[in-house]
Amino acid sequence: MPEKVYVGPYRPQLVEPERFELLVEGNRIIDAKIELGYMHRGIEKLFTTKTYMQNLALAERICGICSGIHTLCYAQTVEKLMNIEVPERAKYLRCVYMELERLHSHYLWFGILAHSLDEHKAFLKIMVERERVQDLLEYLTGNRMNYLINTIGGVRRDITPEKAEKIRRFLNGSKPLSDYIMELLNDNGGFTRKTKGVGVLPREKALEVGAVGPTLRGSGIASDIRKDDPYAAYGELDFEVIVENDGDVRAKALVRARETYESMKIIEQALDNLPSGEIVAERKEPKIGEEFGRTEAPRGELVYYIRSNGTNIPERVKVRTPSFANNFAILEMLRGETLENARVIIESIDPCFACTDRVTVVDAKTGERNCMCLK
Amino acid sequence: MGKISVYRFLSAGCNGCDVQVLECLVPRYRLAELNVEVVSNPEEANVLFLTGGVNIKGREELIKVYEKINPPKIVIAVGNCALTKEIFDKGYPMVGPPDQIVPVNFYVPGCPPRPQAIVKAVVQILGAKLEDKEDYWATPEGFRGKHEFDRDKCIGCGACAQVCSSDAIDVIDEGEKRVVRINYGHCSFCAFCQDECPTQAIRLTREYHLLTNNRGTAYIMNDVDLLECASCGAFFFPQPQIDWALKRIIEEKVPKYLEFKDEILDAMKLCLKCRREIMNMKKAKKILAELSAKARGS
């Protein structure tokens, strides 16, 4: 007789509140269901009450961890609406800031992975070293999170030679942390033992559920918006799209670990080839119409759709975050696994429920509110 | 108070503050030195850290968690969402701020507050001491912290309230004064007000220790004199703004209007209602005609 096991919403394992209903027989998970809504804030509605500029701050607060990429994707879409040509220097600066954010997001994920694998030594080591990227971001942008560095038409703060020197020093100091993580992930590493063969997402299934980002790349599919549809200065920079074929949690971890090296490579190149000139272009009136923009967030493809009626307030803003796309992959991966592994599998997609919770479905007959129930 | 066990609760925020609380565990922030640990079960905790503005769904969970916390049940709201819901203030699912659901003892404003601010708050609440180490409390150049008004520069125009991304700035006319109030407990620290201020009167300082036990006091304010209407006597417009505008028109933009300075000033001293009266309209038309004649003549 299968029984139901509830994980969450406020359970120790998870950083953010969400509730998983697992159908379990013996120790095997037969089926899974996600219930969200603990983070729902009605953001898409709020977007239509603020001006294009004010919405930058709102877009940023969809998610505190990948906040920079939200403002970039939003700003790029608005720039299309306003027909603004972003200065070359701003494009390169955007790459620098966004790759720093990817580093901090990936390192945080490794910290949480170590935490959920009960590797406390590794957790502390990663979190201590990660403070360096947080300090650097605070020094460059003025805030540890929610930096609000991208603006419509460019960036808000320049990188002086002095700051560039500091970034270079930081990069040299970060390589040991990435090496340390790679060590944990080699054949005998601490992470490998507990993650190899766990939560396998086969290539076909990954495509079927529409996974994005490292979750998809861990299943052997080379998909990266930075390469496929280059934005900012990514088209002019040389980097590799990391792919792993195993599809298990270890493969996803390896993708992220190897991506940190690519991020460092991108930052170095962008700093070396930084063009001179303005960092922000003047804002214009938005045209009447709709635009669509996408970027590669640390967790995968991020999509913004904005419809304008020509006023200074958007008529509709729709956001598709990577965690939303990847939630369906969790359900696939959970099926057939043991209960002990549930926690690490859920963590493996780097779920960001602050990103996801924007949909409320209200049942008209019963008046029951359901914040997106997947099954 | 013996060992402090902290339980984190988050509902309807961006989770930035939650990550900052997590980061406090790093040895660098020395929370462990204060005998503080973060626990994963509310039944083991005696201090509750709240982040986020609480929505319909989080409300019941919050009440459940609060009941499980052991005495002395100290509740600390971390971050501006937990103070005032900040930018999500008008979001339809929001039922917070949390202090309307459970009693909150202390508030730590910030978006997000630095880990140092959270640690300092704990230190202050406990009355403990944390040995000052070099660089521990330092902020980098350009950090966006608490606001500061330059009283001599502020002209009371209210441009800051217009561009504010989270409706944190109130402009209130009270009698013969206009009050501009920045509620930093409601602020998202985007610094749009600093960028837009025409006279550079607002500056975001590097101060970030903002612990308070009454969120109503989390504001700074400035007042400017209002101008009395020359005709009906009502207070209608900030005096410094008139001076600033006149100076800009005559001294910076169109110096040739200098000889009409008094007439322009007279016209500006009338409130909106009085400006529309026949007598004043005639007068205004006359000034305009003279100005345009002057412009053509040169």
Test of understanding: among B:F189, B:F237, B:F260, which residue is outside any helix (DSSP H, G or I), more than 15 Å from the chain's Cα centre (by Cα) and of a type in the set (A, V, I, L, M, F, W, C)? B:F237
Against the condition within 12 Å of another protein chain (Cβ to nearest Cβ), assigned to a helix (DSSP H, G or I) and more than 30 Å from A:R193 (Cβ to Cβ), how does A:L124 come out, does it pass? no
Subset of region B:153-185 [outside any loop (DSSP other than H, G, I, E, B), away from chain A (no Cβ under 14 Å) and touching an Asp or Glu at 6+ places or on another chain (Cβ under 9 Å)]: B:E174, B:K177, B:R178, B:V179, B:V180, B:R181, B:I182
If you take the residues of region B:52-66 that are within 8 Å of chain A (Cβ to nearest Cβ) and not charged (D, E, K, R), which of them is surrounded by the most Cβ atoms within 10 Å (Cβ to Cβ)? B:G52
Which of the following residues is closer than 22 Å to B:L211 by Cβ, more than 7 Å from chain A (Cβ to nearest Cβ) and polar (S, T, N, Q): B:N15, B:N46? B:N46
Restricting to region A:62-90, what's the tally of residues that are within 14 Å of chain B (Cβ to nearest Cβ), modelled with pLDDT of 90 or more and touching a Ser or Thr at 6+ places or on another chain (Cβ under 7 Å)? 2
Among the basic types (K, R), modelled with pLDDT of 85 or more and either in contact with a strand residue (DSSP E or B) (Cβ under 8 Å, 6 or more places away or on another chain) or more than 17 Å from A:R61 (Cα to Cα) (or both): which single residue out of A:R299, A:R335, A:R316 fits that description? A:R316
What residue, of B:G91, B:G79, is buried (at least 24 other Cβ atoms within 10 Å of the Cβ), within 11 Å of chain A (Cβ to nearest Cβ), within 22 Å of A:A57 (Cα to Cα) and under 23 Å from the mean Cα position of the chain (by Cα)? B:G79
Tell me yes or no: at least one residue of region B:1-16 is more than 29 Å from the chain's Cα centre (by Cα) and modelled with pLDDT of 85 or more. yes
In region B:119-139, the residues that are over 27 Å from B:Y7 (Cα atoms) and within 21 Å of the chain's Cα centre (by Cα): B:T139
Being crowded, with 16+ Cβ neighbours inside 10 Å, within 14 Å of chain A (Cβ to nearest Cβ) and assigned to a loop (DSSP other than H, G, I, E, B), is that true of even one residue in region B:115-138? no
Among residues of region B:1-12 being small (G, A, S) and more than 7 Å from chain A (Cβ to nearest Cβ), the residue farthest from B:E37 (Cα to Cα) is B:G2
Can you name the number of the only condition in (1) under 35 Å from the mean Cα position of the chain (by Cα); (2) modelled with pLDDT under 80 that B:K269 fails? (2)
If I filter region A:104-121 for residues that are closer than 26 Å to B:P109 by Cβ, facing chain B (nearest Cβ under 10 Å) and in contact with a His (Cβ under 8 Å, 6 or more places away or on another chain), do I get at least one hit? no
Residue tally, condition touching a helix residue (DSSP H, G or I) at 6+ places or on another chain (Cβ under 7 Å) and farther than 26 Å from B:V19 by Cα, over region A:63-96: 3
Only one of (1) surrounded by 15 or more Cβ atoms within 10 Å (Cβ to Cβ); (2) at pLDDT 90 or above; (3) under 22 Å from A:H115 (Cα atoms) fails for A:N150. Which number is that? (3)
Of the listed residues (B:L270, B:L246), the one being in a loop (DSSP other than H, G, I, E, B) and outside the structural domain of B:C154 (by TED's automatic domain parsing) is B:L270
B:P27 passes all but one of the listed conditions (1) at the interface with chain A (Cβ under 7 Å from one of its Cβ atoms); (2) over 31 Å from the mean Cα position of the chain (by Cα); (3) within 25 Å of B:E131 (Cα to Cα); (4) in contact (Cβ under 8 Å) with a residue 12 or more places away in the chain; the exception is number (4)
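The values are calculated or read from the model by the stated rules, or taken from the named source; none is laboratory data. Quick caveat, the model's predicted, so the values are computed rather than measured. As a convention, Cβ positions derive from the backbone with ideal geometry for all residues, glycine included, and neighbour counts pool all protein chains shown.
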